[in-house]
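Enquirer: Please read through the structure below; I'll follow up with questions.
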Amino acid sequence: MIYIVVPCYNEEAVLKDTTEQLVALLPRLSLPARILYVDDGSRDATWDMIEAFAKAHPEVCGIRLAHNVGHQNALWAGMEHVADRADAIISIDADLQDDIEVIVRMVDDFRDGADVVYGVRRDRTTDSFFKRATALCFYKAMNSLGTGTVYNHADFRLLSHRALRALMDFPERNLFLRGMVPMLGFHTKMEYYDRLERKAGETKYPLSKMLAFAADGITSFSIKPLRSIFFCGVLFLLVAVGVIVWALIEYFDHNTIAGWTSLLISIWFVGGCLLMAMGVMGEYIGKMYQEVKRRPRYFVMDEAGNI
Ligand code: UDP
Ligand code: MG
């Protein structure tokens with residue numbers, strides 16, 4: 001059984017359409033599938049609609065979270081709820097901006113042995129210039145910081161049972177799924193599609209949330225910002241050497257007023273030393289931070305012979 005997990009927050013405007021489209025899609029999939037709505041503490045009629053759909057269609061079900069926990073947590077809740085039952089899950093947003101035709105291909109890939117199938121946007125023409133530019137910067141930054149995020153992939157993906165079980169082994173609270181899933185490994189595929197505009201309702205990700213999410217992504221996955229403090233310190237000390245030489249030359253040329261040389265030298269030298277010391281502390285804090293995450297060390301993919 002494949003579960004299509006759909007987090008919903010105040011989505012009454014799109015839910016009817018979404019349900020119709022998804023229900024019509026199910027018979028076309030090569031494996032049996034169900035739709036699992038996760039109501040993320042909506043304050044509109046979302047839950048009543050989910051209950052009504054669940055009565056009308058046997059393949060629709062839902063869970064309701066007691067309060068709003070955000071997209072990533074809502075998705076996690078849905079996945080965890082069916083982790084033992086599902087042979088695979090597909091996560092998709094309620095507004096169906098992502099092409100549901102891709103689900104057909106994802107299920108076929110799963111039958112062919114894929115464990116993780118990423119839905120990847122072919123281009124971003126439906127986005128505003130601003131969103132496109134910020135998104136590009138974000139993915140570039142994430143990659144240069146050493147996280148394995150997939151370019152232009154959001155949270156539209158298939159996970160097989162074993163990939164899902166592996167993901168559930170991550171005990172961390174700050175979820176950034178598109179950084180975590182690439183850490184799983186397993187057999188991976190990409191499916192490309194064009195993203196549509198939101199049909200109704202409005203985005204639940206205004207700029208402030210988007211920025212917070214991006215910052216979360218970086219700080220949840222990378223200690224490079226901490227490490228960069230150390231290199232700033234090294235840079236400062238190098239500059240300090242130049243400043244010291246220059247200040248001494250000026251001093252012996254009698255071009256300076258009293259106190260200038262000693263002040264200038266101390267500022268640069270002490271500044272550099274302080275930054276380097278902070279960088280060293282940063283290394284330890286970075287280690288602690290990775291330890292407290294208690295992430296799993298490995299996942300076994302296959303076994304052979306009698307162990
Ligand atoms: N969502 C959620 N909880 C929240 C915010 C959003 O479950 O606190 C859901 C929302 O219902 C939608 C998905 O997350 O299914 C993505 O939100 P949206 O489409 O507004 O984001 P965008 O596509 O604009 O980035
Ligand atoms: Mg959307």
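Enquirer: Please give the length that would be gained between Arg28 and Arg43 if that part of the chain were fully extended, namely 0.36 nm times their separation in residues minus their C-alpha to C-alpha distance (nm, one decimal).
Expert: Computed gain between Arg28 and Arg43 is 2.0 nm.
Enquirer: Please give the per residue volume of the convex hull enclosing the alpha carbon atoms of the stretch 96-242, rounded to a whole number of Å³.
Expert: About 147 Å³ per residue, rounded to a whole number.
Enquirer: What is the pair-distance distribution P(r) of the stretch 60-143, computed from all Cα-Cα distances in 5 Å bins starting at 0, with each bin given as a whole percent?
Expert: 3, 10, 16, 19, 21, 16, 12, 4, 0
Enquirer: Roll a 1.4 Å probe over the protein chains and send me the accessible area per residue for the stretch 62-119 in Å².
Expert: Accessible surface, normalised per residue, equals 37 Å².
Enquirer: Debye sum, Cα scatterers, the stretch 1-98, no solvent: what log₁₀ I/I(0) at q = 0.10 1/Å?
Expert: Treating every Cα as an identical point scatterer, log10 I(q)/I(0) equals -0.22.
Enquirer: Hey, another quick one. Karplus couplings for the stretch 125-137 from phi (6.51 cos²θ - 1.76 cosθ + 1.60, θ = phi - 60°), rounded to Hz, Gly and Pro as x?
Expert: Values per residue, Gly and Pro as x: 5, 7, 8, 5, 4, 4, 5, 4, 5, 5, 5, 4, 4 Hz.
Enquirer: Are there any GluC sites (Glu not before Pro) in the stretch 160-242 that are in a DSSP loop and have at most 11 other Cβ atoms within 10 Å? List them by number.
Expert: Here the sparse-neighbourhood loop sites are Glu197, Glu202.
Enquirer: Among residues other than Leu136 whose Cβ falls under 13 Å from its Cβ, what is the net charge (Lys/Arg +1, Asp/Glu -1)?
Expert: So the surrounding residues net to +3.
Enquirer: Which one of Val102, Val270, Val69 has the biggest mean-square fluctuation once the chain is modelled by GNM with Cα springs under 10 Å?
Expert: It is Val270.
Enquirer: Counting other Cβ atoms within 10 Å, which trypsin sites (Lys or Arg not before Pro) in the stretch 219-297 have at most 12 and lie in a DSSP loop?
Expert: Sites meeting the loop and neighbour criteria: Arg294, Arg297.
Enquirer: Ratio of the stretch 236-307's C-alpha Rg to 2.2 N^0.38 Å, to two decimals?
Expert: In units of the 2.2 N^0.38 Å rule of thumb, it is 2.23.
Enquirer: From the cross-link list Lys16/Lys189; Lys131/Lys224; Lys16/Lys204; Lys140/Lys204, which pairs have alpha carbons spaced over 29 Å apart?
Expert: Lys16/Lys189
Enquirer: Follow-up question, since we're still on this one. On average, how much accessible surface per residue is there in the stretch 183-290, in Å², for a 1.4 Å probe, leaving out ligands, DNA and RNA?
Expert: In whole numbers, the stretch 183-290 has 66 Å² accessible per residue.
Enquirer: May I pose another question? Could you check the spin-label model distance between Leu248 and Ala212? Points 7 Å from the Cα along Cα→Cβ, value in nm.
Expert: Result: 5.3 nm between the two label points.
Enquirer: Divide, for the stretch 46-108, the radius of gyration over alpha carbons by 2.2 N^0.38 Å, where N is the residue count.
Expert: 1.21
Enquirer: Now a separate question. Please give the calculated 222 nm ellipticity per residue for the chain, where each DSSP H segment of at least 4 residues contributes -39500 (n - 2.57) and the sum is spread over every residue; nearest 500 deg cm²/dmol?
Expert: -16500 deg cm²/dmol
Enquirer: Same structure, new question: With the full set of protein chains in place, find how many percent of the accessible area of the stretch 62-218 is carbon and sulfur; take the probe as 1.4 Å.
Expert: Here carbon and sulfur together make up 54 percent of the probe-accessible area.
Enquirer: State log₁₀ I(q)/I(0) for the chain at q = 0.08, 0.09, 0.14, 0.16 Å⁻¹ as given by the Debye formula over alpha-carbon point scatterers of equal weight, solvent excluded.
Expert: Computed log10 I(q)/I(0) values: -0.47, -0.56, -1.07, -1.34.
Enquirer: I need the trypsin sites (Lys or Arg not before Pro) found in the stretch 16-49, filtered to DSSP loop residues with at most 11 other beta carbons within 10 Å of theirs. Could you put the intermediate results ahead of the total?
Expert: Values: sites: Lys16, Arg28, Arg34, Arg43; in loops: Arg43.
Answer by residue number: Arg43.
Enquirer: Over the Cα atoms of the stretch 21-71, compute the convex hull volume and normalise it per residue, giving Å³.
Expert: It is 90 Å³ per residue.
The values are calculated or read from the model by the stated rules, or taken from the named source; none is laboratory data. Since this is a predicted model, take the numbers as computed values, not measurements. When we count neighbours, we look across all protein chains shown, and the Cβ atoms used for this are built from the backbone with ideal geometry, even at glycine. Side chains included, ligands, DNA and RNA excluded: accessible areas come from the protein's heavy atoms. Shrake-Rupley method; radii C 1.70, N 1.55, O 1.52, S 1.80 Å.
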